[in-house]
Structure formats: C-alpha cells, structure tokens
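Okay, so here's the structure we're looking at.
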Amino acid sequence: MSYLFASALLFALGVYGVLTRRTAILVFLSIELMLNAANLSLIGFARAHGLDGQVAALMVIAIAAAEVAVGLGLIVAIFRHRESTAVDDLSELRG
Amino acid sequence: MSPWEALALLLLLATGLLVVTLRNAIHAALALIANFLVLAGVYVALDARFLGFIQIIVYAGAIVVLFLFVIMLLFAAQGEVGFDPLVRSKPLAALLSLGVAGILLSGLLGLKLAFSQNLQGGLPQALGPLLYGDWLLILLAVGFLLMAATVVAVALVEPNRPLDALRLEERKEEVLR
C-alpha cells in the first residue's frame with residue numbers, strides 16, 4: 001500500500017520536472033520518472049489482483065524504450081538544425 | 001511499514017527529487033539510475049523478480065546509457081540555458097504537481113487491497129504463459145512498435161548526404177554539425 005503512495009509522489013515529481021525543465025533531454029528524464037511511477041503502481045496492484053499487472057508493466061517498459069529511441073532521435077535531429085535543445089527556442093517546427 | 005520499506009521509499013523520493021532539481025544533466029541522469037536501481041529492489045520485494053531484473057537491464061543498463069550518450073554527444077550537460085522567460089514558473093509548477101499528487105493520493109485513500117494472491121515470485125515461468133496467451137496480440141503490437149521506432153530513429157538521424165561521398169574535411173564538419 002505504501003508503495004502506491006510512493007508511486008503517486010514520484011509521478012508528481014515527474015510532472016514538476018516536465019513543467020520546470022528547459023532542456024528537452026531533461027524533460028525526457030522526467031517523463032521516464034513518470035512512466036516508472038506508473039509501473040510501480042501497476043506492480044503494487046498486481047500484488048492484489050494477479051499477474052496481469054506485471055505483464056502490463058513489461059509492456060510499459062517496452063513502449064518507454066521505443067519512446068526514448070524516437071525522442072532522442074528527434075532531439076539529435078533538432079540539435080543539428082538549431083544548435084540547441086532548449087524547449088523555449090522550439091516554438092515552431094518549421095525547419 | 002517495515003524499516004526496509006521506509007528506507008526504500010525515502011531513497012525513491014530523494015533520488016526522484018534529485019532528478020528534477022539537479023542543474024547538471026549528467027548528474028540528473030546518474031540520479032535517475034540510482035532511482036531505477038532502488039525501484040528494481042522494490043519490484044523484487046513486491047514479488048516481481050523478472051521485472052526487477054528487466055528494470056536493471058533495460059532501464060539502468062540501456063535507456064539511461066542512451067541518455068548519457070546523447071547528453072555527451074550534444075554537449076548538453078548544462079541544464080539551465082539562456083534566460084528564463086517565466087521567472088515565476090517554478091512555484092506555479094510546484095503547486096500544480098502538488099495538486100496532481102493530491103488527486104492521486106485522494107484516489108488511493110479509500111482503497112482496501114488484499115495481499116493474498118499467489119504470484120509465484122513473478123518469475124518468467126509464471127509470466128510467460130500469460131504473455132504468450134491472453135496478451136499475445138498486445139505483445140505482437142509492441143514488437144511492431146519497437147521495429148517502427150527503430151526505423152524512425154535511424155531515419156531521423158541520417159545525414160542528408162551519405163558520409164562516404166564527402167571529403168575528409170566535409171565529413172568532420174558534418175559530424176560536428
């Protein structure tokens with residue numbers, strides 16, 4: 001039960017990071033924090049409701065891996081054009 | 001709450017706080033690795049041993065290393081750049097995330113959970129039949145997603161001209177660009 005509370009607090013920390021960080025890479029780190037908070041609550045609920053929660057957490061891990069690959073590719077591509085990864089500078093997507 | 005549980009929670013929150021507050025991106029990524037290692041221990045304690053090891057191998061071993069690699073590649077260790085257009089955004093963000101925490105915690109407050117399920121330790125022998133039984137379609141979809149993500153990542157970072165066609169000086173320029 002206490003782990004579910006920890007998961008809620010970790011998720012809130014991730015929200016704070018996404019809102020305050022100003023480099024795209026650090027925003028991504030905060031998103032990873034939120035995904036892991038979701039995983040922690042899935043596994044906490046799996047203790048009461050059976051193994052399906054753990055399988056779902058496995059899927060979340062796989063999707064997070066795909067998201068990181070695409071996201072970091074995007075950051076590298078943007079850095080090549082703009083010489084910066086600050087999210088404040090990226091107000092338009094036109095290359 | 002046992003002392004180990006309390007210690008794990010304290011470490012989780014402390015490393016999470018470091019991830020969102022440290023100014024140096026490399027330090028933040030290292031704090032994220034610490035967070036993931038504690039999380040792996042928590043998973044093992046929650047009868048999810050396979051996921052605990054996956055957490056160490058995939059997250060701490062692959063994803064964060066990819067992050068560190070990109071941070072170093074782009075010289076992006078400096079977290080705070082330029083001037084801050086919204087000076088008062090931090091207290092506002094703290095307030096907003098506290099609101100999110102309040103909503104989530106209020107959802108958990110009335111909850112009664114019975115910890116009686118037999119999870120067989122969360123070993124691969126227990127997860128495998130589920131993964132290739134009820135969840136097969138979703139597993140295939142995730143596999144397809146991973147393949148698409150790989151193709152997209154390669155296509156995104158491909159240089160405009162093939163590197164072999166460039167002279168040495170141009171190639172250096174292209175790599176630095």
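No lab work stands behind these numbers, since they all come straight from the coordinates. Nothing here was measured: the structure is a model prediction, and the numbers come from that model. A quick note on method: Cβ atoms are made from the backbone with ideal geometry, for glycine too, and the neighbour counts reach across all protein chains shown.
Rounded, prolate or oblate: which one fits chain B, using the alpha carbon gyration tensor with axes a ≥ b ≥ c (rounded when a/c is under 1.5, else prolate when a/b beats b/c, else oblate)?
oblate
Only Cα pairs under 8 Å and at least 6 apart count here; give the relative contact order of region B:1-118 as a rounded whole percent.
21
Using Cα pairs under 8 angstrom and six or more residues apart, how large is the relative contact order of chain A, in percent?
28
What's the magnitude of the charge dipole for chain A around its Cα centre, counting Lys and Arg as +1 and Asp and Glu as -1 at the beta-carbon? Answer in Debye, nearest 20.
The dipole magnitude comes to about 60 debye.
What does the charge dipole of chain B about its Cα centre add up to, to the nearest 20 debye, if the Cβ of each Lys and Arg holds +1 and the Cβ of each Asp and Glu holds -1?
Computed about the Cα centre, the dipole is about 280 debye.
What is the order of A:L72, A:L51, B:L105, fewest Cβ neighbours within 10 Å to most? All intermediate terms of the calculation are to be shown ahead of the outcome.
Details: A:L72 24, A:L51 20, B:L105 14.
Lowest to highest Cβ neighbour count: B:L105, A:L51, A:L72.
If you count, for every residue in B:88-97, the Cβ atoms of partner chains within 10 Å of its Cβ, what is the mean?
If you average over the peptide's residues, the count of other-chain Cβ atoms is 4.
Answer rounded, prolate or oblate for the protein assembly as shown, using the Cα gyration tensor with square roots of eigenvalues a ≥ b ≥ c: rounded when a/c is under 1.5, else prolate when a/b is larger than b/c, else oblate.
oblate
Taking the beta-carbon count within 10 Å as an exposure proxy, list A:V27, B:V154, B:V19 from fewest neighbours to most.
Ranking A:V27, B:V154, B:V19 by Cβ neighbours within 10 Å, fewest first, gives B:V154, A:V27, B:V19.
Once you order the gyration tensor axes a ≥ b ≥ c over the Cα atoms, which shape class does region B:105-149 get: rounded for a/c under 1.5, otherwise prolate or oblate by comparing a/b with b/c?
The shape class here is oblate.
Could you check the spin-label model distance between B:Q125 and B:K90? Points 7 Å from the Cα along Cα→Cβ, value in nm.
5.3
Would you compute the Debye intensity of chain A from its alpha-carbon atoms alone, equal scatterers and no solvent, and pass along log10 I(q)/I(0) at q = 0.13 Å⁻¹ to two decimals?
-0.54
Going by how many other beta carbons lie within 10 Å of each one, how would you line up A:H81, B:H27, fewest first?
Lowest to highest Cβ neighbour count: A:H81, B:H27.
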